Amino acid sequence: MILPGTWVSVPLTDRESARQFCRRLVREQVGRADQLARLRRDATQELVTSAADARELGAHTYLMALELLPGVPFPAALLALDESWPESARADLAAGDVSAALVSAFPGTEVAVQRTGPVARRAELVRGTLGEQTYLTLRLEYHVPYPDGSGLMLARVNAPTVPAAEPFATLFDEILDSLTWTDVRV
């Protein structure tokens, strides 16, 4: 996948690797000042817990955005895991209609044709408030069929504090459209 800006890949192999990585990342992002020790500890623990949750879900990829452009913070996360086609899609798959299989498998999603073929996408915009400040969180879910049709990659995106939904939804559509499959699964 082509990721614009600065992203990090949180290791999901084991809790200790994730803890060391998150600790180093938080120290780099927050700084080493003594008065920030509690903030560093809390942020590290939150990231370690998030990585453990991702690992428990079966995720193989956990990407976190840091900046969209140099100096422009961009908090977003992309989690990817493998999933099987639901039984409801079997007839359409047997007929060779991947778009119809996605509609059958994931009601309520929109199916878009991307460079690699049809993809199902669900978008949710959540409005929240903190004090008098209103913010938007964009949540996206993509079901991307493997090229051989044997399964799907589920990609979940969480982008808090976006100023507007559509430009960021389009950005993530493009990121997922940049996905290139290799012959060997890593």
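The values are calculated or read from the model by the stated rules, or taken from the named source; none is laboratory data. Since the model is a prediction, treat every value here as computed from it, not as a measurement. Cβ sites come from the backbone with ideal geometry, for glycine too, and all protein chains shown count toward neighbours. Surface accessibility is based on the protein's heavy atoms, side chains included, excluding ligands, DNA and RNA. Shrake-Rupley method; radii C 1.70, N 1.55, O 1.52, S 1.80 Å.
Details
- Of the three principal axes defined by the Cα atoms of the chain, the extents in descending order read 63, 39, 27 Å.
- Relative to the current alpha-carbon distance between GLU132 and GLU166, full extension at 0.36 nm per residue lengthens the span by 9.9 nm.
- On a per residue basis, the chain carries 58 Å² of accessible surface, using protein heavy atoms and a 1.4 Å probe.
- Dividing the convex hull volume of the alpha-carbon atoms in the stretch 1-88 by its residue count gives 113 Å³ per residue.
- Farthest toward positive dipole pole in the chain [+1 Lys/Arg, -1 Asp/Glu at C-beta], among GLN35, LEU25, ALA65: GLN35
- Two-decimal ratio, the stretch 63-109, of alpha-carbon radius of gyration to 2.2 N^0.38 Å: 1.82
- Kirkwood radius for the stretch 146-186, taken over all pairs of different Cα atoms as the inverse mean of 1/r, rounds to 12.4 Å.
- Remark: the stretch 160-174, residue by residue, has Karplus-estimated 3J(HN,Hα) of x, 6, 7, x, 7, 7, 4, x, 7, 5, 5, 4, 6, 4, 5 Hz, where x stands for each Gly or Pro and the curve is 6.51 cos²θ - 1.76 cosθ + 1.60 at θ = phi - 60°.
- Relative packing of 31-39, 82-90, which averages over residues the other C-beta atoms within 10 Å, highest first: 82-90, 31-39
- Electrostatic dipole magnitude of the chain [Cβ: Lys, Arg +1; Asp, Glu -1; Cα centre; debye, to 20]: 780
- Binning the C-alpha pair distances of the stretch 111-163 at 10 Å intervals from 0 yields a P(r) profile of 23, 39, 22, 12, 4, 0 %, listed from the shortest bin outward.
- Normalised by 2.2 N^0.38 Å, where N is the number of residues, the C-alpha radius of gyration of the stretch 91-186 stands at 1.25.
- Protein accessible area in the chain, 1.4 Å probe - carbon and sulfur %: 53
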